[in-house]
1. Of the numbered conditions (1) under 19 Å from Thr205 (Cα atoms); (2) in contact (Cβ under 8 Å) with a residue 60 or more places away in the chain, Glu270 satisfies every one except a single condition; which is it?
2. Got at least one residue in segment 256-269 being out of contact with any Leu (no Cβ under 7 Å at 6 or more places or on another chain), modelled with pLDDT of 90 or more and crowded, with 21+ Cβ neighbours inside 10 Å?
3. Quick one: which of His78, His144 is modelled with pLDDT under 75, in contact with an Asp or Glu (Cβ under 7 Å, 6 or more places away or on another chain) and closer than 30 Å to Val188 by Cα?
Amino acid sequence: MSEGRDPSAQQPSSGSPRFPDPFAPGSPSSADGTALPPGQRDLPWKATAERRDLWGPRQQALEGTVRPPTGSAVGPVHRSWLVRLGSPVVAGGLAALATVVVVLGTGLGGPLLALAAAAGIGILALGGTGIAVNRPIGTVQERHVLDASVLSSTREVLERILEADAATRDKLAPLRPQASSTPAAALVLEDVDSLLTRIDALVGTEALQALRPSAGEVTMLEGIACRYVPELVDAAEDTIGFLRTFAGTARRDALANLESVRAQLSVLAEGVERIEGDLVGGVSRDLEVHAEFLRARFADQHLNPIIDV
């Protein structure tokens, strides 16, 4: 990441440039000489009062709804057990009965041949119907339609963004089963999916579609969707693979990498949110201004990003 012009992007004078150690020598201490925990010590360098929640524990009540792991809100939706069990049995029985009637009625064979054929046809019908009705009911992703009045050059860029988002979603699908046993990995995939949804929604707005392809908002969104997010997903994919075999210190390092990827996704989400606000307010910024905003936010959070902004 290149050096930003914002003062907040400057490196601290001492300590690690990435994650300052609150218990390192020289850290603030209490009257008896023991180091203060993060929640009671002064904020790190360049931190402001508005970012107090980024440093130290937060003592507040948990919010949200607790759902069972098998609930439809946290997994794929299936049909009722009556449909999944009854439909294959009914289909198999009807196919077998129809086979018996056809064989005996047309004189193609005797009772033994009719029963054998009915058993074979019935099993095939039962198995095929069972596979069909037990398949999860997937939700079809709505593809945002570009207005016919969009400039052809702008349309090409916006279509690349939508195609990149769709490709990234396809890449997330096989990662979800691997990440289901690791909450940190599951949160990363959720953040990616949420970010892609916001980008798609922005592409579908009239305000963005009215811009030229050289506009900073369009160019930055293309960079986020086509380069930044895929690179972070690749890094998360490698780390999720490591978690299946690593233990001890190596596993802790892998989990720390996932937290870093999630923090970088959060910065990208802030960039998308800023573009959303600019479009609503009728403000236009060039690419360098958007890039400088991301660089400053990475520096504020002491991150060494994988992506090259």
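The values are calculated or read from the model by the stated rules, or taken from the named source; none is laboratory data. What you are looking at is a predicted structure, and each value in this text was computed from that prediction instead of being measured. Counting neighbours? That spans all protein chains shown, and the Cβs are built from the backbone with ideal geometry, glycine included.
1. Only one criterion in (1) under 19 Å from Thr205 (Cα atoms); (2) in contact (Cβ under 8 Å) with a residue 60 or more places away in the chain is unmet by Glu270, namely (2).
2. yes
3. Just one listed residue meets the conditions, His144.
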